[in-house]
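These notes are about the structure you will find just below.
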2 protein chains.
Amino acid sequence: MEHIKLSIDKSLNFVSKEEIFKFEESSKKHLISLHEGTGKGNDFVGWVDLPSRITEAELNDIEATAKSLKDKVEVLVVVGIGGSYLGAKAVNDALAHSFDHLNSGDENPLVLYAGQNISEDYLYELTDILKSIEFGICVISKSGTTTEPAIAFRLLKEMLEEQVGKEEARERIVAITDESKGALRTLADQEGYKTFVIPDNVGGRYSVLTPVGLLPIAVAGHDIKALVNGAKSMQDYSVAAAFEENPALLYAATRNALYQKGKGIEILANYNPKLHNVAEWWKQLYGESEGKENKGIFPASVDFTSDLHSMGQYIQEGQRNIFETVISVAKPNHTVYIPEDKDNLDKLNYLAGKRVDEVNKMAELGTQLAHVDGGVPNLKIEMPQLNEFYLGELLYFFEIACGVSGYILDVNPFDQPGVEAYKSNMFALLEKPGFEEESAKIKERL
Amino acid sequence: MEHIKLSIDKSLNFVSKEEIFKFEESSKKHLISLHEGTGKGNDFVGWVDLPSRITEAELNDIEATAKSLKDKVEVLVVVGIGGSYLGAKAVNDALAHSFDHLNSGDENPLVLYAGQNISEDYLYELTDILKSIEFGICVISKSGTTTEPAIAFRLLKEMLEEQVGKEEARERIVAITDESKGALRTLADQEGYKTFVIPDNVGGRYSVLTPVGLLPIAVAGHDIKALVNGAKSMQDYSVAAAFEENPALLYAATRNALYQKGKGIEILANYNPKLHNVAEWWKQLYGESEGKENKGIFPASVDFTSDLHSMGQYIQEGQRNIFETVISVAKPNHTVYIPEDKDNLDKLNYLAGKRVDEVNKMAELGTQLAHVDGGVPNLKIEMPQLNEFYLGELLYFFEIACGVSGYILDVNPFDQPGVEAYKSNMFALLEKPGFEEESAKIKERL
């Protein structure tokens, strides 16, 4: 069995093996506390053995629900924000046709997103488009009262009920929410929506392998069993593999060693634009897990080679406080050869007959060497192929490494105390019932 | 005449007025050297008076070409990378329907992009889709030999010629390139393509208001005259306005003052996802202009409120070396009211009857206060509306501020010496003719 691989050799000019291996014992210990639930934030480590815990029956239920939606709708609108949005988007975009919206050959519903912003124009244009489309809704919220998805769901639910009637709307709405409490659970039970449960001990950013991610991924036509199998494969491997071959432990150790050497920004790079939203998911995972107590690596991302013509100059010669982690897909899913041209004005004939990916790979290698020469440590994560299985490995790899990395940094990687600050100001400004005191205070301040 | 406005008051807890105003004289001086072409990199300041220099006849020619393409094609593929890609994409995405690909009401061609990466799957899927679509090509390259666009253009040109014949293909290909030299100029003259010129004294990242940006923007159906007028309005205003009311000078001064206080990361935030690619364009503009000599502010971006549920935690409580610049659009282009719900399970009735944007604005204000409380200086750029005119103002504002800011930082904001490094490694690895020595060297190294 091949796994995704991590190479750290292009970091070893900047940090010694000793400086990385000094975290060997602690990272192993942290991995055990994640599995045993004995570390910080241990109420939220339900994701650690999720890949091996999820049952065939649960996956079948998700697939059956996806199938019944597929039979009814052209578009599924996923209503959610943060972890209830980024995981599904990351996987769906990684596996979708690059021009999914134009790809009339795909019989699966198009998955669109709402409730991930409060843009009036976005909601207007979404509802405008949906007027002439058969659509369904997958609403994802633990409480059902988070402002962004709650606004979008009110609008979309009303619209769907008008369009197809209350009864048919019930058949097209799936709620993913708390097992027993909260506004969305109450509504779903009242209306008889099909529901799935967000486990109590899994936080939003670690929820992609629960129904939160799996249902929208299944509706888009992807193989969720392969995704979960990939995650399970990495779950097992991260427990079994020796430190020096253990991508998760090695990643956690190396990035902390680099951070201690003043590398405060990590840039996640890809050479396949389909991975763009994997980086957005990763930013939440790492930024929200580690960015606290005035510390943590700042997560940024680039799509190469596009952004070599944008951020490339900075990476090559700007402030030397960055390191780079490259996700490389070994084998493309399609084949394109560069054609010969008899005039050869563009002087590309030296590439004629080569696959496009050969050039991409040399761009990748050339860039890594250039960046290392410029003072930017490089890590490389190699995926054998961009498919469900290896995406499952990649997601779990990042999750388990994040838990270990957060413990090395000595923070609680499972809370997000800073996310409340803007919300309570917003409620105060909007005079939400219950925020009278805060309202008075904030108005005085303005 | 209303202009876009910059507020710096939410930075003044972190940097004093004096620390900002100490750059008053130098920023005025730098603005003059940009206009007079007496500063560093003065071979590349042709963009400074571009908005006032471009003629009605030139704009009419671009519009006429756009019209003839519109009559022929359903999709225009823009082939370019870096500045030959990001400007058009920024404006087109800012002005497009959020679900442009699904918006059958739009009679303008869809603008797609190629040559901005070397992804084999992307090129395969693009050419696959185009098989059943009437398409044209706008190829943008000074030299015609830049690897990424040259590969894409070879493939697409061959495909188009096969699809519609060599003669018709000539009518559907527009080349934007050097006035007299280079591979693409030679080819275009040979084939009789319609061409537009990239001025010698305008670098890629400052080229959005040349045909490089204007043609693809016109094809997408947007008003390029209003865009240029907006830019001209900001050109005039940035020369005339006093320092304290001059958004460009004030932005350049404030960000340098913050940088000197250790704020090494700038996050450009929006509350309207349509501005996502304006931030990508801005990253190239600032990153490539300032990221050199081991200095410069690291440019990053977020889409709010989406990313408040992702990067929000980090911004609130992570390392305190960041500041935030928020682009706020005062007035949405559409109207959506939040509906009343009799059951009010989601407890949103306190918002019923309000416009969605009112909530968005309170999220914005609440976030700014929260981030300032958390130690993150905030700047705010207010656009009256998201339309061609104010986008023109915004783009020119960022450009002229970037020139001034780079001069304050004491770098040449118009070169990009670091971008060559990866390219020459790539050529060496691919054994490009002329790189024999480098090939031998790099192979030894591997």
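Couplings 3J(HN,Hα) of region A:438-446, computed from phi: 4, 4, 4, 5, 5, 5, 4, 6, 6 Hz, in residue order, whole Hz [Karplus 6.51 cos²θ - 1.76 cosθ + 1.60, θ = phi - 60°; x for Gly and Pro].
Phi angles across region B:134-151 convert, under the Karplus curve 6.51 cos²θ - 1.76 cosθ + 1.60 with θ = phi - 60°, into 3J(HN,Hα) values of 6, 10, x, 10, 10, 9, 10, 6, 4, 8, x, 10, 4, 3, 4, x, 5, 4 Hz, Gly and Pro given as x. Across region A:50-223, Cα pairs under 8 Å and at least six residues apart give a relative contact order of 32 percent. The C-alpha atoms of chain A define a longest principal axis, and helix A:56-72 lies at about 70 degrees to it. For region B:2-53, the fraction of C-alpha pairs farther apart than 14 angstrom is 67 percent.
Express the C-alpha Rg of region A:50-223 as a ratio against the empirical globular expectation 2.2 N^0.38 Å, rounded to two decimals.
Details: Rg = 14.9 Å, N = 174, 2.2 N^0.38 = 15.6 Å.
Ratio of Cα Rg to 2.2 N^0.38 Å: 0.95.
Sorted from nearest, the other copies put their A:PRO433 label points 7.9 nm away, the label point being 7 Å from Cα in the direction of Cβ. Surface analysis of the protein assembly as shown yields an accessible area of 34 Å² per residue, using protein heavy atoms and a 1.4 Å probe. Against the main long axis of the alpha-carbon atoms of chain B, helix B:224-240 sits at an angle near 50°.
Sorted shortest first, the separations between the A:GLU2 label point and its copies elsewhere in the assembly read 5.8 nm; each point sits 7 Å from Cα along the Cα-to-Cβ line. Distance between the modelled labels on B:LYS67 and A:SER143, one decimal in nanometres: 5.6 nm (7 Å Cα→Cβ projection). Subtracting the Cα-Cα distance of A:ASP49 and A:ASP343 from 0.36 nm times their residue separation leaves 99.9 nm of extension gain. Counting only alpha carbon atoms, the long axis of helix A:247-260 and the longest principal axis of chain A meet at about 80°.
Inter-copy label distances at B:ASN60, shortest first and taken from points set 7 Å along Cα to Cβ: 7.3 nm. For region B:194-235 and region A:275-309, compute the distance between their C-alpha centroids and round to whole Å. Computed from Cα coordinates, the inter-centre distance equals 32 Å. Normalised by residue number, the volume inside the convex hull of the Cα atoms of region A:90-176 is 119 Å³ per residue. When peptides B:261-272, B:245-256 are sorted by average Cβ neighbour count within 10 Å, with the highest value leading, the order is B:245-256, B:261-272.
Rounded to the nearest 0.05, the FRET efficiency derived from the C-beta distance between B:ASP106 and A:THR38 at R0 = 60 Å is 0.55.
The ratio of the alpha-carbon radius of gyration of region B:1-142 to the globular-protein estimate 2.2 N^0.38 Å is 1.47. Over all projection directions, the Cα-based convex hull of region B:224-268 averages an area of 4.1 nm².
Quote the convex hull volume per residue of the protein assembly as shown, based on C-alpha atoms, as a whole number of Å³. Walk me through the intermediate numbers first.
Working: hull volume 135.3 nm³, N = 892.
For the protein assembly as shown, the hull spanned by Cα atoms encloses 152 Å³ per residue.
For region A:101-146, which GluC sites (Glu not before Pro) are both in a DSSP coil and crowded by at most 10 other Cβ atoms within 10 Å?
On the way: sites: A:GLU107, A:GLU120, A:GLU125, A:GLU134; in loops: A:GLU107, A:GLU134.
The qualifying sites are A:GLU107.
So if we plug the beta-carbon distance of A:GLU2 and A:GLU58 into 1/(1 + (r/R0)^6) with R0 = 25 Å, what FRET efficiency do we get, rounded to 0.05? The partial results should precede the final answer.
Details: r = 27 Å, r/R0 = 1.09.
Computed FRET efficiency for A:GLU2 and A:GLU58: 0.40.
Output the Kirkwood hydrodynamic radius of chain A, Cα pairs only, in Å rounded to one decimal.
Details: mean 1/r = 0.0428 Å⁻¹.
For chain A, inverting the mean 1/r across all distinct Cα pairs yields 23.4 Å.
Taken along the Cα-to-beta-carbon direction at a fixed 7 Å, the label points for A:GLU162 and A:GLU293 span 5.2 nm.
Residue-level result for chain B: its Cβ closest to the axis carrying B onto A, with that distance in Å, is B:HIS101, 2.
With N counted as the residues of region A:350-446, its alpha-carbon radius of gyration over 2.2 N^0.38 Å works out to 1.93.
Within a straight-line Cα-Cα reach of under 25 Å, A:LYS70 can be paired with the following lysines, leaving aside sequence neighbours fewer than 8 residues apart in one chain: A:LYS89, A:LYS131, A:LYS142, A:LYS157, A:LYS166, A:LYS194, A:LYS225, A:LYS274.
The values are calculated or read from the model by the stated rules, or taken from the named source; none is laboratory data. What you see is a predicted model; the values in this text were computed from it and never measured. Every residue, glycine among them, receives a Cβ derived from its backbone with ideal geometry; neighbour counts consider all protein chains shown. We work out accessible area using only protein heavy atoms, side chains counted, and drop any ligands, DNA or RNA first. Shrake-Rupley method; radii C 1.70, N 1.55, O 1.52, S 1.80 Å.
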